[in-house]
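One structure is given below, encoded as structure tokens.
The values are calculated or read from the model by the stated rules, or taken from the named source; none is laboratory data. Keep in mind that this is a model prediction, so the values were computed, not measured. Positions of Cβ are generated from backbone atoms using ideal geometry, with glycine treated the same way; all protein chains shown enter the neighbour counts.
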Amino acid sequence: MVANAESEPLQVAVENLGGIDSRELTFEPGVTVLTGRNATNRTSLLQAITAGLGGSYGELKSDADAGEVELAVGEKTYDRQFRRDGDGVVVSGDPYADDASLVDLFSSLLEVNPARRAVERGDGDALREIIMEPVDTEAITAEVESTQRNLREVEDRLDEIERRRSNLAALKERRVAAEDDLADVESELADVREAVAEFEADAETAEEAEAVVEELTETREEYESIRNQLETQRSAVESLETEREETRERLDDLSVPEAELEATREELERLQRRRRGLENTVNDLVSIVEFNERLVDDGADALPGVGEDGAGADGDGVGASGGVADELDPSSGQIECWTCGTTVDRGDVEERLDGLRGVVEDHRSERNELRKRIDETRATLSDLQDAVDERESLESQLAEIDGEIDEREARIEELSAREDDLQAQISALEDEASESESLRDSELLDRYERRSELEYERGQLEEKLNSLESEIEAIEALDDEREELETEREQLREELTSLRNRIENLERSAIDTFNDHMETVLDRLGYENVERVWIERKAAESGRGSRSDSTFTLHVVRSADDGAVYEDTVDHLSESEREVIGLVVALAGYLVHDVHESVPVMVLDSLEAIDADRIAALVEYFADYAPFLVVALLPEDAQALDDDYERVVMDEALA
């Protein structure tokens, strides 16, 4: 059994849905068999349960303005309300599951189940769509793009670390050279200081020399600072001009077709309107099919104004026509329309119903195709919108660059003026020193100037050495970060590969699951001349090189009386064999997508094409995978099932 199966009973309350007025039932975990003849609302009950689970089946009773179904497991309650609104019915409430497709495709295995219908038609493409319906390819694509961005950031950082590490040897050589230069400067500075101290000059001359040198040194230092600032500003302007030119080129190369953007928006709106229209049409057609199925299968209970005991509106069992229930006897060969009195063969009604079911499936296929086109159109619109956003971003960047260039050029103008002033001051101070008679004939001024130069040079070397030391230490400290980033890069690469292969893996997993279960089920059911039934996945590269495009092909291998094995088509399978295959397709989807975690109930109906012993084997097999399995059977078919299964006799419970 499923590991996390519900351990508490499932309580179901139905009011005014299908052919049911008001009933309450309780299902224990495991298998529950609904037994009864036709006209006992077995299908109505299963459709109501489907609606409560979150599926799109279920129909408001034709003579009621409102109805509902309530499911309760333990203290949790889930419901769906149906309210007549003009010509339509509004459905609301809080169902068990949020995803209707999971319920419709893999939990509600009624006669109109898409998997069963697709196998009946031999439609491999539809099988792929059915099995892959719950996979959110758009979310996977977004996750791929996000992981790619993260990977690029990690790789860029690793490249930067590698670039910095490649400079490590050169930085160490520069550090050694700077240390040697600093030692030479300090040695010469010591000699100059010693010479200044030993210089025999009067105090007045020494003081005058020191004052001139100090002012000259300060002015020269400021002058050097201004020159450095000018160099920085001019270099920045040069870089900004290069960036501006590149931005202009990108802007010129960027194509933003406004007309295409607007046309794409309109196309997306058109496709969405068409999809909504198809969904409404499908819902209306399903309601028509379900109503007429009850006319054929459940008899008079399906009609408005006919009570649960078959009585007409006047309570005597005979309506205005004098015998509606008799005219709609499920065992009769003809049906008389209760509205216009026209008599038609039951087989003709069935044929028309098959046609309507085909139309429903065609509309569903078109809806699925529309979903693909909507996704593609959204992607195109996103790309066009990205181009618009990029253009606006580039225009904004260009304006910012222009503004910054203007600011820096104004600053360059100010600094150039200050540079000229300082150069004039330095010339004046040098002239002043040369014109001083006491200093002109003295070596003291030269020594003071040399001492000042050496002290400045020493400061520059010490600053350079500290910068080299910091850079070397920072690079050597990158080893731990590099190791962590390499581990992260490997994880991101694996994650990216997994994401890119997720759809393919899900498809392969679904096919493997189906093939494994199909082999086991065929063995249990004992179809002697059916050797094997399996789905083959064929990859089909698209123009974009996507690996997710593929087709599913359903294969059937039979054996002849002489033991020869040959491949056959689904068209040649018996109705019983097709029903079994369709049910196993749905079971494969139920397992692959872990549907039991969100929808713990599976319902089965319309198994009459399968003989009783095989139904028993099939129910026993399915019971291992669904926490709650509710199956509707005729009494003679139900007799073959395990006596331990809970049974609900429908003519007693709902007649």
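Inside segment 192-231, residues that are at pLDDT 85 or above and either in contact with a strand residue (DSSP E or B) (Cβ under 8 Å, 6 or more places away or on another chain) or exposed (fewer than 13 other Cβ atoms within 10 Å of the Cβ) (or both) make up a count of 2. Is there a residue in segment 484-500 that is within 30 Å of Leu127 (Cα to Cα) and either at pLDDT below 85 or in contact with an Asp or Glu (Cβ under 8 Å, 6 or more places away or on another chain) (or both)? Yes, the conditions are met somewhere in segment 484-500. Only one entry in Gly67, Gly30 is under 37 Å from the mean Cα position of the chain (by Cα) and closer than 19 Å to Phe106 by Cα, namely Gly30.
Taking the condition exposed (fewer than 14 other Cβ atoms within 10 Å of the Cβ) and farther than 30 Å from Ala477 by Cβ, does Ser187 pass? When the stated conditions are applied, Ser187 passes them.
With respect to (1) out of contact with any Gly (no Cβ under 7 Å at 6 or more places or on another chain); (2) surrounded by 23 or more Cβ atoms within 10 Å (Cβ to Cβ); (3) within 18 Å of Glu68 (Cβ to Cβ), the lone exception for Val103 is condition (1). Lys76 meets the stated requirement of being charged (D, E, K, R) and either modelled with pLDDT of 95 or more or within 26 Å of Pro134 (Cα to Cα) (or both). Kindly establish whether Gln460 is without any contact (Cβ under 8 Å) to a residue 60 or more places away in the chain, assigned to a helix (DSSP H, G or I), more than 23 Å from Asp184 (Cα to Cα) and of a type outside the set (Lys, Arg). When the stated conditions are applied, Gln460 does not pass them. Filtering Thr141, Thr147 for residues that are assigned to a helix (DSSP H, G or I), among the polar types (S, T, N, Q), out of contact with any strand residue (DSSP E or B) (no Cβ under 8 Å at 6 or more places or on another chain) and crowded, with 17+ Cβ neighbours inside 10 Å leaves a single hit, Thr147. Tell me, which residue of segment 72-81 that is touching a residue at least 24 places away in the same chain (Cβ under 8 Å) and either within 14 Å of Ile20 (Cα to Cα) or within 30 Å of the chain's Cα centre (by Cα) (or both) is surrounded by the most Cβ atoms within 10 Å (Cβ to Cβ)? Among those residues, the one meeting the criterion is Arg80.
Within segment 489-505, residues that are surrounded by 16 or more Cβ atoms within 10 Å (Cβ to Cβ) reach partners that are in a helix (DSSP H, G or I) and acidic (Asp, Glu) with beta carbons closer than 7 Å, at six or more positions or on different chains, in the pairs Arg489/Glu155; Leu499/Glu143. The number of residues in segment 455-482 being surrounded by 12 or more Cβ atoms within 10 Å (Cβ to Cβ) and among the small types (Gly, Ala, Ser) comes to 2.
Taking Leu254 as the residue in question, decide whether it is modelled with pLDDT under 85, out of contact with any Ser or Thr (no Cβ under 8 Å at 6 or more places or on another chain) and not hydroxyl-bearing (Ser, Thr, Tyr). Criteria met by Leu254.
Counting only strands (runs of 3 or more DSSP E) wholly contained in segment 514-621, the ones carrying 1 or more residues that are crowded, with 20+ Cβ neighbours inside 10 Å, touching a strand residue (DSSP E or B) at 6+ places or on another chain (Cβ under 6 Å) and in contact (Cβ under 8 Å) with a residue 12 or more places away in the chain occupy 530-539, 550-559, 601-604. The residue that is modelled with the highest pLDDT, counting only those in segment 327-336 that are out of contact with any helix residue (DSSP H, G or I) (no Cβ under 6 Å at 6 or more places or on another chain) and surrounded by 14 or more Cβ atoms within 10 Å (Cβ to Cβ), is Gln334.
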